[in-house]
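J.: Sharing a structure here in structure tokens format.
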Amino acid sequence: MTPTETPGPADNACMSRDLLDRIDQRTRLAGHNRLALLLFRLGTRQLFGVNVFKVQEVIPRPPLFTLPQLPPAFRGAADVRGRTVPVLDLARAIGHGVPGEAGEPPYLVVTEFNRTVQGFLVSGVERIVNIAVEDIQPPPDLGGDSNYLTGVTRHHGELIQLVDVESVLAESAPRASTAGQIMPLASVSGAREVLVVDDSRVARNQIRQVLEQLGLTATLLSDGRQALEHLQQLAESGQPPQQRYAMVISDIEMPAMDGYTLTTEIRRNPALRGLYVLLHTSLSGVFNHAMVERVGADDFVPKYSEHELAQRIAARISAVQQAA
């Protein structure tokens, strides 16, 4: 089947099974600073990508029904294998719709991240590609739908834009504010900063808010390579990073350098290996506990529970203060 042909039911079923088989195979890439992307289109020739670790399946668009509690941005909900899944039209959600485009998006990409399952309507599903993380660059700061991008890359000369589905979901279904719900630490005297590393603007802001409510400050960086270079520069200047930072909170999937590789590099460097590293991941469906232990992380928290994250941070700060 060529990309321009219209798939039939048998083709759709085969495509979904093939995608899932290949997603299972790609999980072996974790920790090798490589990323497997599901490529899709949103009504134009532009290719978009999303981490396959977040994809449960790709199916033909099912019938949608309304639910009164769904936020207005959602097109409806779908029954997917006996489970009610809220559905977003991804092109409309990121402002990438084509005026006058005929028809409805024919595919549903069912995803799981941040402990929730949701579907995104797309107009075409292409293939899965394996990209070296260092080949993924930060998105240009152009405003508009670029706010929904975590990176850009190329495959066989074709531009691929990586969609920040966490930001899309956060703005389409805003969480209730936790302001005032997290109790400040009883004492933060002597406590150091927290280094936060995450390519998602939404995630960085969420973590920053938790830290502020605890009475802590943060340095925010957007990928693992930036973080590693920052820590190395501190060490080279004579300031031990573990004296400045009580802990590092790092995402796993990031451009330039992923969280597994960042943790591995921290443990390899004698000037950095004393840092406490907490991995914070949205990949709740396929998170690999053994991998976290192998790369030497101290702890992990699946995204996103403000109170669970606050508890882990508070426990670490308490340990730092007791050791001082």
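The values are calculated or read from the model by the stated rules, or taken from the named source; none is laboratory data. This is a predicted model, so every value here is computed, not measured. In this analysis, Cβ positions are derived from the backbone assuming ideal geometry, glycine residues included, and neighbour counts consider all displayed protein chains.
J.: I need the full set of residues from the range 185-198 which are modelled with pLDDT of 75 or more and either farther than 20 Å from TYR276 by Cα or part of a strand (DSSP E or B) (or both), in order please.
T.: Those that are modelled with pLDDT of 75 or more and either farther than 20 Å from TYR276 by Cα or part of a strand (DSSP E or B) (or both): GLU193, VAL194, LEU195, VAL196, VAL197.
Each row is one residue, and each column tells you yes or no for (1) modelled with pLDDT of 90 or more; (2) among the hydrophobic types (A, V, I, L, M, F, W, C); (3) over 20 Å from VAL152 (Cβ atoms); (4) outside any helix (DSSP H, G or I).
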{"site": "GLN209", "(1), (2), (3), (4)": "yes, no, yes, no"}
{"site": "GLN213", "(1), (2), (3), (4)": "yes, no, yes, no"}
{"site": "LEU216", "(1), (2), (3), (4)": "yes, yes, yes, yes"}
{"site": "PRO255", "(1), (2), (3), (4)": "no, no, no, yes"}
{"site": "GLU265", "(1), (2), (3), (4)": "yes, no, yes, no"}
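J.: Looking only at the range 212-248, which residues are surrounded by 21 or more Cβ atoms within 10 Å (Cβ to Cβ) and over 21 Å from THR261 (Cα atoms)?
T.: Listed by number, the list holds a single entry, LEU216.
J.: Is it the case, given these coordinates, that TYR276 is surrounded by fewer than 22 Cβ atoms within 10 Å (Cβ to Cβ), touching a residue at least 40 places away in the same chain (Cβ under 8 Å) and not assigned by TED's automatic domain parsing to the domain that holds PRO139?
T.: It is true that TYR276 is surrounded by fewer than 22 Cβ atoms within 10 Å (Cβ to Cβ), touching a residue at least 40 places away in the same chain (Cβ under 8 Å) and not assigned by TED's automatic domain parsing to the domain that holds PRO139.
J.: Taking the stated definitions as given, is LEU220 more than 20 Å from ARG34 (Cβ to Cβ), of a type in the set (A, V, I, L, M, F, W, C) and outside any helix (DSSP H, G or I)?
T.: So LEU220 passes the test.
J.: Mind counting the residues in the range 23-43 that are surrounded by 15 or more Cβ atoms within 10 Å (Cβ to Cβ) and either basic (Lys, Arg) or at pLDDT 80 or above (or both)?
T.: Selection size over the range 23-43: 11.
J.: Against the definition (touching an Asp or Glu at 6+ places or on another chain (Cβ under 8 Å) and at pLDDT below 90), how does ASP164 come out, yes or no?
T.: When the stated conditions are applied, ASP164 passes them.
J.: Further question on the same structure: Across the range 44-103, which residue is modelled with the highest pLDDT among those that are exposed (fewer than 14 other Cβ atoms within 10 Å of the Cβ), among the basic types (Lys, Arg) and in a loop (DSSP other than H, G, I, E, B)?
T.: Result: ARG81.
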